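The values are calculated or read from the model by the stated rules, or taken from the named source; none is laboratory data. As the structure is a prediction and not an experimental result, all values here were calculated from the model. Positions of Cβ are generated from backbone atoms using ideal geometry, with glycine treated the same way; all protein chains shown enter the neighbour counts. Just so you know, the surface numbers come from the protein's heavy atoms only, side chains and all, with ligands and any DNA or RNA stripped out. Shrake-Rupley method; radii C 1.70, N 1.55, O 1.52, S 1.80 Å.
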Amino acid sequence: MKQYGLGPNGGIVTSLNLFATRFDQVMKFIEKRQNTSQYVLIDTPGQIEVFTWSASGTIITEALASTFPSVVVYVMDTSRSTSPITFMSNMLYACSILYKTKLPFILAMNKTDIIDHSFAVEWMQDFEIFQDALNQETTYVSNLTRSMSLVLDEFYSSLKVVGVSAVLGTGLDEFFVKVSEAVDEYEREYRPEYERLRKSLAKAQSKQQKEQLERLRKDMGSVAMESNPLADSSDTSALGPSDLIMTRGTLDEEDEERESDTDDIDHQVTEESHEEPAFRNFMQETRMKYQNRSSH
């Protein structure tokens, strides 16, 4: 950061961009290990906005999702989400990531050893209970949260939620069950969509190449030697610009000799005629300098 004069955010974005340019090496590493490893974990801690909404993050996500069964796991700090407003902020983050990545999604509520995640599940399942908790807040943000909570009902209905404790290891069995379900969902719904998009992209690229070739043929015009009667003609006044490009430098030698204005000039004599006076002047100046030195 100091070497390139970057701040914290600039350093993070630059590092992510550089990482994306070498991500093919990560893909090769995963391919080598896919027969010996059941899961590959790629952690992006604390940088939701940068990874989710940057071009580099999108490149990395789509590279993985187009090759391997990919699942997004949003890890939420349960102990810091006991406030309805903070909880809603986390849900909005999770919702934005889900709709941006368009991949199977799991909400992992961590730190259940500190506080059980049942209150959060209740808030998602029962709108009135969440409203009762929200009524204790009197700020403007609480009114905004109340309005947004109505929008997230559909998001909650299809969300896979599991409570875990990284310290005690509780809930991990259920978590891996959710991961297996998400992989099945990927194979059933997401992979066919990715294959469709890939074929559509390949078809669009092929169509674009054909259009470019067709435009090239039109730009070239009728310059093919088999079908162009003007190709052997010495009259170039009727040729178009593309025809002139193709016939440039192919005129007959007799035409070149006839049209040249300088072919009858003896270039050797001309050069010598320019060189002799210059050499004579140089010798005279040198002789005068020598005589002046001798007189002194």
In the stretch 132-142, what residues are part of a helix (DSSP H, G or I) and either open to solvent by 30 Å² or more (accessible area, probe 1.4 Å) or in contact (Cβ under 8 Å) with a residue 60 or more places away in the chain (or both)?
132, 140, 141
Conditions (1) open to solvent by 70 Å² or more (accessible area, probe 1.4 Å); (2) of a type in the set (A, V, I, L, M); (3) over 18 Å from residue 81 (Cα atoms) -> residue 166 fails only (3)
Any idea which residue in the stretch 1-27 is most open to solvent (accessible area, probe 1.4 Å), counting only those that are over 24 Å from residue 64 (Cβ atoms) and assigned to a loop (DSSP other than H, G, I, E, B)?
2
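Quick one: in the stretch 87-131, of everything that is β-branched (Val, Ile, Thr) and part of a helix (DSSP H, G or I), which residue is most open to solvent (accessible area, probe 1.4 Å)? Reasoning before the result, please.
Taking the stretch 87-131 first, the residues β-branched (Val, Ile, Thr) are 97, 101, 106, 112, 114-115, 121, 129.
Filter once more, so that each one left must be part of a helix (DSSP H, G or I): 97, 101, 121, 129.
Values: 97: 17, 101: 25, 121: 37, 129: 58 Å².
Among those that are β-branched (Val, Ile, Thr) and part of a helix (DSSP H, G or I), it is 129.
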Residue check, residue 67 among the polar types (S, T, N, Q), more than 22 Å from residue 172 (Cα to Cα), modelled with pLDDT under 90 and open to solvent by less than 100 Å² (accessible area, probe 1.4 Å)
yes
Cβ-Cβ distance below 7 Å, separation of 6 or more or different chains: which pairs start in the stretch 106-120 with a residue that is closer than 11 Å to residue 162 by Cα and end on one that is among the aliphatic types (A, V, I, L, M) and open to solvent by 50 Å² or more (accessible area, probe 1.4 Å)?
106/73; 108/73; 108/75; 110/75; 110/166
Does any residue of the stretch 72-81 turn out to be modelled with pLDDT of 90 or more, on the phi < 0 side of the Ramachandran plot, surrounded by fewer than 15 Cβ atoms within 10 Å (Cβ to Cβ) and assigned to a loop (DSSP other than H, G, I, E, B)?
no
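Picking from 191, 198, which residue would you name as being basic (Lys, Arg), open to solvent by less than 70 Å² (accessible area, probe 1.4 Å) and either touching a Pro at 6+ places or on another chain (Cβ under 7 Å) or at pLDDT 50 or above (or both)?
Numbers: 198 fails: open to solvent by less than 70 Å² (accessible area, probe 1.4 Å).
Checking each option against the conditions leaves just 191.
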Return a yes/no flag: does the stretch 61-70 have any residue that is under 21 Å from the mean Cα position of the chain (by Cα) and of a type in the set (Val, Ile, Thr).
yes
